[in-house]
Structure formats: structure tokens, C-alpha cells
Amino acid sequence: MGAVCCRPQPIDFDGEVNLFHFMLLRCVGKGAFGKVRVVQHKQTRDLYALKYINKTKCVKMKAVPNVIQERRLLEEIDHPYVVNLRYAFQDDENCFFVLDLMLGGDLRFHLERLGSMPEDTVRFYMAQLSSALAFLHEMGIMHRDLKPDNILLDERGNAHLTDFNIAVHFGERKLTGVAGSMAYMAPEILMKRGYTYCIDWWSLGVCAYELIFGRRPFRGRSNSDLTYSISRDPLKWPDDADKKCTRNGMLVLKGLLERDPSKRFGCKPNGEGFQEMRRHPWFQPIDWDTLDSKEQTPPFTPDAKKANFDASHELEELLLEDNPLKAKARKANQDNLSAEMRQMEEQFTSYDFRKMQRRSYYPHNQHLISTATATSSGFQSSRPGTPANDLRVENSGLRVEGDSPAMMSAICMW
């Protein structure tokens, strides 16, 4: 009799996507109010990264607008070098993002182990990421938090941009809100002069400089010192710079780290900045015609025999989790929800990339039509955040001064 009463219910794969459709595998990362796990779709057997956000914690941290905004932005993004959204859904406790899986780890993970990276490798990443940025900017989206922690490698070594938690649409009017990770912020953000998509090209320059030389171009012991350095200090090169980077490479870095956005490399309007980058002599080894089809062999291949993430997350899940994740049927009565819970219930809508056309919730992008991209393998970043001087400010207005590791873990959610 016991076997009969405990027989699992059949899964309706033709119905709306839910957690019953997935097999839960290892935990590979965590944030302030959610975690990241590897999952496998029970019908297709495809592997994905599942990012799940606890609704109660999300409300307490006043992050509901960010979660909904990220959900909506991700629906309209579909690019080979972005960690794309494949499914979205919710249950009574969590909101779920099912994303392309990245098995190669994030660039912060690899940078800490290697110290620096060869110029050829960084050039390849920059080509892929510049393709992703050009696509986003054409869609009227700026990322606002480009840093090594948010660049993930697939199992072959291709670089992908992730974490759209503070990404926003932009128009003709400049934004003034301080947002991002301070060490990678463009000077126009810190000086509160108003900014637009050009800030992403500055952040790409900081990342490239850090990857090649193993240190960031502008540093400070405090937030005020770092602000001064980013805003005023001349760009300096390490003593052994000529051994790690060619003259053309330095010219690209110098162009990206130009304080005047109108002169910054990559920032010419109507996509001309990206075309100028493609024509630069430093990028001559890149075959741009086949780049987005991933036909080229990446210069660095992550070690598939090792876990390219912090394995302590899985141990913590096994030993310390008092409410482990499992699929649960939804409660029928949803009448007593708070305003914030009701907002998530209504606006964090389901998405299934196999059944639905991508669309934009932003008025200027209503014409959006999906373009299919191949699903990549890999996982979301397991790193808690950028090292010292990582100030991250969310759209909700939350601001943190200093570089307390506890604070950084709380604010640097994904």
C-alpha cells in the first residue's frame, strides 16, 4: 500500500514550467538571498544553472524591483557571449532563473590562481565581450557591473557576460545614480556628471588591464582615495609592461581608459565605436566573421577534471541548510500577500525559451524578435564579490561605504 500512496505524480512537460521539470544537482554558488545550482531538465536532459531567490529575504532587502527588472531584461537578451535566460518561474518561496550553464568558472577565479593572463588570451576575451556589449548597447541596455567576477567561461574557454541585476535601459537622457562595483566604475559615475553606455567600455578597459598585468590601473586605500585615483590619476604602466603587452595593446587599453566619454574607445554612436575597435591593429588576429558562431578555438581551456568554483558551497548546502530546495506544489490561496509579494507574483512571469518568443517590456524595444543562440554549458559565478574597494549600489538606492567582506557578500548578490 505504501508504494501506491507514495508513487510520484506524472510531470506535465506540456504545462507551465516549474521546478518539478528539473533534477537538482550540485550547489555551486550563493548570494545574499539565494543560491545557484546545477540542474538537469528531466525531459531534454540538458544541463543549466538554476539561480533561485528567496522572496522573503528579497522583500526585506528592498530588492523586489531589481529582481523583476533583471527578469524582464534577460527575456529580451539573446547573444552567444551572454549567459542567456532559458526559463523563469516561481513557487511560494522562491523566484527561479534557469540560465546557460558555464562549466569553466569566472575570470576572478582564474586570475587569482594564475596571477595574470597572456595578452593573446585577454584579446580573445575582449573581442567576445565587446561583441556582447555592442549587442546590448544596440538594444539600449547598459550592464553597469562589468568585472572579472561577472565574466564566465564555458567548458571550451569562451567568455560570457553575466549578472544583469543592476543593468538598465538607457535613452537620450543621462543617468545620475551611482551603481556598480567601485573599482570598475567610470569617472563620470563617480563625479556624478551623468552617464550613458560609455561606462561599460571603461569597465572593459579596467578588466583587460587587470587580466594582463595582475593589478587594476587605479587603486586607493579608501573609497575617497579610489575615487580620486579613478578621476584624476594619470594612467601608469607596470615596470614590466612591455614584456606582457604590445604597444598596440596598450593603445587599446589607453583608449578604453579615456576619461572623456566622447573620446573613449568604443563610444562612437550608432555602433561605429565597435566597428572602430574591430579595425584596430591589435585585433587583427581575431576573425570577426566567425567569432559569434564560436568556430574559433579559445587560447585557454579550463581544466574539466577540476571544479572551477568554490566547492565549499556544496558542503555548506549539505551540512548547514535548514530548508533545502525541493519542488513543491503551489498553494491555492494567494489572497493574503503583502504588496511586495503580490508584485513578484504578478510581475515575475513565467518564461520558456522553447515555447515563447523573446520580447521586451521596454516601450522602445517592442519590435524585438528572438534570434536563437546555441545553449552553452557552464555555471554561474560562485565568487562572493570583487576584492577590496568593491562598492556596489543597487537601483533601490542602497549604498554601502567601505569594504567589509560581510557587507560585500550582502550587497554583491550575484
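The values are calculated or read from the model by the stated rules, or taken from the named source; none is laboratory data. Computed from a prediction, not measured in an experiment: that's the story for all the values here. So basically every Cβ, Gly included, is an ideal-geometry build from the backbone, and we count neighbours across all protein chains shown.
Provide a single number: the residues in region 16-35 that are closer than 26 Å to ARG342 by Cα and at pLDDT below 90.
6
Cβ-Cβ distance below 6 Å, separation of 6 or more or different chains: which pairs start in region 91-108 with a residue that is farther than 26 Å from ALA329 by Cα and end on one that is basic (Lys, Arg) and outside any strand (DSSP E or B)?
Pairs that qualify, where the first residue is farther than 26 Å from ALA329 by Cα and the partner is basic (Lys, Arg) and outside any strand (DSSP E or B), are ASP106/ARG383; ARG108/ARG383.
Please find, among LEU50, LEU73, the residue that is crowded, with 22+ Cβ neighbours inside 10 Å and either assigned to a helix (DSSP H, G or I) or in the same structural domain as ILE141 (by TED's automatic domain parsing) (or both).
Unique residue meeting the criteria: LEU73.
What pairs come up if the first residue lies in region 165-183 and is assigned by TED's automatic domain parsing to the domain that holds SER203 and at positive phi, the second is modelled with pLDDT of 90 or more and small (Gly, Ala, Ser), and their beta carbons are under 8 Å apart, counting only those six or more places apart or on different chains?
Listed pairs, sorted by first residue: GLY180/SER203.
Conditions first: (1) farther than 19 Å from THR121 by Cα; (2) modelled with pLDDT under 95. LEU235 passes all but one, so which condition is the exception?
Going through (1) farther than 19 Å from THR121 by Cα; (2) modelled with pLDDT under 95 one by one, LEU235 breaks only (2).
Say whether the condition of being modelled with pLDDT under 95 and either farther than 21 Å from HIS79 by Cβ or in contact with a helix residue (DSSP H, G or I) (Cβ under 8 Å, 6 or more places away or on another chain) (or both) is met by at least one residue in region 284-297.
Within region 284-297, one or more residues are modelled with pLDDT under 95 and either farther than 21 Å from HIS79 by Cβ or in contact with a helix residue (DSSP H, G or I) (Cβ under 8 Å, 6 or more places away or on another chain) (or both).
Per-residue answers, yes or no, for (1) farther than 15 Å from GLU258 by Cα; (2) modelled with pLDDT of 95 or more; (3) surrounded by 23 or more Cβ atoms within 10 Å (Cβ to Cβ); (4) in contact with a strand residue (DSSP E or B) (Cβ under 6 Å, 6 or more places away or on another chain):
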position	(1), (2), (3), (4)
GLY157	yes, yes, no, no
LEU161	yes, yes, yes, yes
GLY171	yes, no, no, no
THR176	yes, no, no, no
ALA186	no, yes, yes, no
ARG193	yes, no, no, no
TRP201	no, yes, yes, no
GLY205	no, yes, yes, no
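All but one of (1) outside any loop (DSSP other than H, G, I, E, B); (2) surrounded by 17 or more Cβ atoms within 10 Å (Cβ to Cβ) hold for GLY220; state the number of the condition that does not hold.
Here GLY220 clears every test but (1).
Select from region 53-70 the residues that are charged (D, E, K, R) and surrounded by fewer than 19 Cβ atoms within 10 Å (Cβ to Cβ) and write down the one among them that is nearest to ASP100 (Cα to Cα).
The selected residue is LYS57.
Consider HIS79 carefully, then state whether it is within 27 Å of PHE170 (Cβ to Cβ), assigned by TED's automatic domain parsing to the domain that holds GLN347 and at pLDDT 95 or above. Break it down into steps so the answer makes sense when it comes.
Values: within 27 Å of PHE170 (Cβ to Cβ): yes; assigned by TED's automatic domain parsing to the domain that holds GLN347: yes; at pLDDT 95 or above: yes.
Criteria met by HIS79.
Mind listing whichever residues of region 33-60 are of a type in the set (A, V, I, L, M) and in contact with a Lys or Arg (Cβ under 7 Å, 6 or more places away or on another chain)?
As a first pass, look at region 33-60 and keep what is of a type in the set (A, V, I, L, M): 36, 38-39, 47, 49-50, 53, 59.
Selection gives VAL36, VAL38, LEU50.
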